[in-house]
Amino acid sequence: MQQMFDARCSAQMYAIQGRYFPFPDLTGVLCPHCQSDLLRKHGFYARYLILLHFAGTILIRRYICKECGHTVSLLPSFAHPGRAYGIEPIICVLTIFYADEKCVSETCASSVCSRQLLRWFRLRLKQNLNLLLMELIAVCSLRAPPAGEVGAKKRAGQFFECIRSLNAEDISLKIFERTRKSYLSPLSD
Ligand SMILES: [Zn+2]
């Protein structure tokens, strides 16, 4: 299981501190899987992370329950579960495409994204869009838009326009706490 937390620093600072980063301490917390034993520290694993101005390996703090053997990993909020690309480049690329309404060539030219990657981001976003919109409305206490025949691309544009004025990492963290998903999480996760 993964949990996200607000690292309150840049990925560079997080990476430099390595195992000495002040991770949230889950020692003694009841196991979220079996709830019959307490979590204890279980080392780290290395994970590759790509942001707009950072690419490198970061350490992820891991806890284990000796009773059921399940682990809990602590993912910093700038990372995206299951992806090497972090929240920042994913939001940047999709904002250019959906909110700025740039075409594929312009989006790829102005970002770190390949056409293939953009296609994959769009596909995954399309699957999650309704959930993301509902969650955004819930976590930000927004008024739901009037129901109507608005296409998926337009709705995605509205979503990223709204995210632009907010903190994308913070929204990701809140949505993850409620749903165990982030922007591009597979629905079957
Ligand atoms: Zn357990």
Query raised in the report: Can you list the HN-Hα couplings for the stretch 38-44, worked out from phi with the Karplus curve (6.51, -1.76, 1.60; θ = phi - 60°), rounded to whole Hz and with x for Gly and Pro?
Result: 9, 6, 9, 4, 9, x, 9
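Give the relative contact order (percent, whole number) for the stretch 2-76; include only Cα pairs under 8 Å separated by 6+ residues. Spell out each step's value before the answer.
Numbers: 121 pairs, mean separation 25.5, N = 75.
Averaging sequence separation for qualifying contacts and normalising by length gives 34 percent for the stretch 2-76.
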Query raised in the report: Under the rule that a partner needs its Cβ under 4.7 Å from the first Cβ, which Cys of the chain have none?
Result: 9, 92, 103, 108, 113, 140, 162
Query raised in the report: Once amide H atoms are placed 1.01 Å from N in the peptide plane, what residues at a sequence separation of 5 or more from residue 5, or on another chain, have their amide H within under 5 Å of its amide H?
Result: 75, 77
Query raised in the report: Using helices alone, what [θ] at 222 nm do you get for the chain, with -39,500 (n - 2.57) per DSSP H run of 4 or more residues, divided over all residues and rounded to the nearest 500?
Result: -11500 deg cm²/dmol
Query raised in the report: Round to a whole number: what % of the accessible area of the chain belongs to carbon and sulfur, probe 1.4 Å?
Result: 52 percent
Requested in this report: Provide, as a two-decimal number, the C-alpha radius of gyration of the chain over 2.2 N^0.38 Å, N being how many residues it has.
Outcome: 1.10
Report task. From the P(r) of the stretch 2-76, can you give the percent of Cα pairs sitting at distances over 14 Å? Result -> 60 percent
Report summary line: For 7-19, 87-99, ranked highest to lowest by mean beta-carbon neighbours within 10 Å, the order is 87-99, 7-19
Query raised in the report: On average, how much accessible surface per residue is there in the chain, in Å², for a 1.4 Å probe, leaving out ligands, DNA and RNA?
Result: 54 Å²
**Report entry** the stretch 118-189 and the stretch 8-49: distance between their alpha carbon centers, rounded to Å
**Finding:** 27 Å
Query raised in the report: If one puts a single equal scatterer on every Cα of the stretch 69-142 and applies the Debye formula without solvent, what log₁₀ I(q)/I(0) results at q = 0.17, 0.19, 0.27 Å⁻¹?
Result: -0.76, -0.90, -1.29
Query raised in the report: Hey, what did the stretch 66-189 get for relative contact order, percent, Cα under 8 Å, at least 6 apart?
Result: 33 percent
Query raised in the report: By a straight-distance test (C-alpha under 29 Å), which lysines pair with residue 126 as possible cross-link partners, with residues fewer than eight away in the same chain excluded?
Result: 102, 153, 154, 174, 181
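The values are calculated or read from the model by the stated rules, or taken from the named source; none is laboratory data. Values in this document were obtained by computation on a predicted structure and should not be read as measured data. A quick note on method: Cβ atoms are made from the backbone with ideal geometry, for glycine too, and the neighbour counts reach across all protein chains shown. Only protein heavy atoms, including side chains, enter the accessible area calculation; ligands, DNA and RNA are left aside. Shrake-Rupley method; radii C 1.70, N 1.55, O 1.52, S 1.80 Å.
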